[in-house]
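Scroll down for the structure; my scribbles are underneath it.
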Amino acid sequence: MMVRHRRAPGAPPVTQRLRKGARGDAMAEPINAEPTSELCPVDAKEELLKECNNIWKELEECQSKLMLLGIETLLQSDTKLALLMLQWKALIVDYQECHERSPETISTNPDVLLELGKEELQKVKNDLEKVLSAVCSKNKQLEEDLKREQQWYEEQEQMLNTLNRIEEETKPQVEQLYKTRGLEELHNKMLQLKTYKKELLSALGEFLDEHFPLPKDSGSAINKNFSSEPAVELLALQEILEILINKLMATPHEPYVTINESFWPPYVELLLRFGMALRHPEDPNRMRLEAFHK
């Protein structure tokens, strides 16, 4: 139901006001002075209160009517559901109508509207002042945080510049020290490897001399049918292995060694049979050491 705001019947017009006599009785008399278009704030508020009271009375009457309509007997479930659906549709229609049309003003009196507008503007002003105060406080806090962050950034930048300067100053010394230490470490490793190599060769020589000695009278045995030619000195097994190792390390792309008369055939067969050496696939007079290091 849309309640229309109107002035109560019998209410005095705006251009009249009460004037009290000396004995305290009130008499409603028109003012002899010329009518003005403005009212004092007290009369405007009184008129607004009267209109609100009249609206409240109409609301109470509507409420009483609704209470009387609500007293009815219980209906069946299906009938009650259908009635609720109808009421729901009616409420939707009322809602759409209220949403589409513009609201009515409480009063058409410009003085009343002026007072209400002043109150609303004062409320808006107070709210805006609170918001402004909060924003100023927040801005002040942000400025303080910004100053602290800028100070921290400057300190970090100074520290970074100092570290960069120290790094530039100590970089040549570090490079020189690194080179010196690197050369010293490399030299020490080379000495250790040479010592280890000598120890290995010495141990290998002792083992080979003990278990694989050279044959006796090797020169006369080889040249017994050729007495005019000089005797060939046979190489020890250790010397043959050293030749193969040096050839493999010096020229890994061409590790084959030619087998000559100084290589005792039993030593050659020993190396080939136990997989320590390999013959050339095309030339049987050449062999190389097996690449155990790969």
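The values are calculated or read from the model by the stated rules, or taken from the named source; none is laboratory data. Here the structure is a predicted model, which means the values were calculated and not measured. FYI the Cβ positions are ideal-geometry reconstructions off the backbone, even for glycines, and counts take in every protein chain you see. Heavy atoms of the whole protein, side chains included, go into the accessibility calculation; ligands, DNA and RNA do not. Shrake-Rupley method; radii C 1.70, N 1.55, O 1.52, S 1.80 Å.
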Could you please let me know if Lys189 is part of a helix (DSSP H, G or I), open to solvent by 80 Å² or more (accessible area, probe 1.4 Å), at pLDDT below 85 and at negative phi? no
Residues of segment 248-294 classified as buried (at least 17 other Cβ atoms within 10 Å of the Cβ) and part of a helix (DSSP H, G or I), total: 3
Among residues belonging to segment 248-264 that are more than 60 Å from the chain's Cα centre (by Cα) and hydroxyl-bearing (Ser, Thr, Tyr), point out the one that is nearest to Pro281 (Cα to Cα). Tyr256
Given the options Ile92, Ile71, Ile106, name the one that is touching a His at 6+ places or on another chain (Cβ under 9 Å) and either closer than 30 Å to Glu46 by Cβ or at pLDDT below 90 (or both). Ile106
When Ile245 is run through (1) over 30 Å from Met287 (Cα atoms); (2) of a type in the set (Val, Ile, Thr); (3) at pLDDT below 90, the failure sits at (1)
How about segment 116-165: which of its residues are within 30 Å of Cys52 (Cα to Cα) and open to solvent by 100 Å² or more (accessible area, probe 1.4 Å)? Lys118, Glu120, Leu121, Lys123, Lys125, Leu128
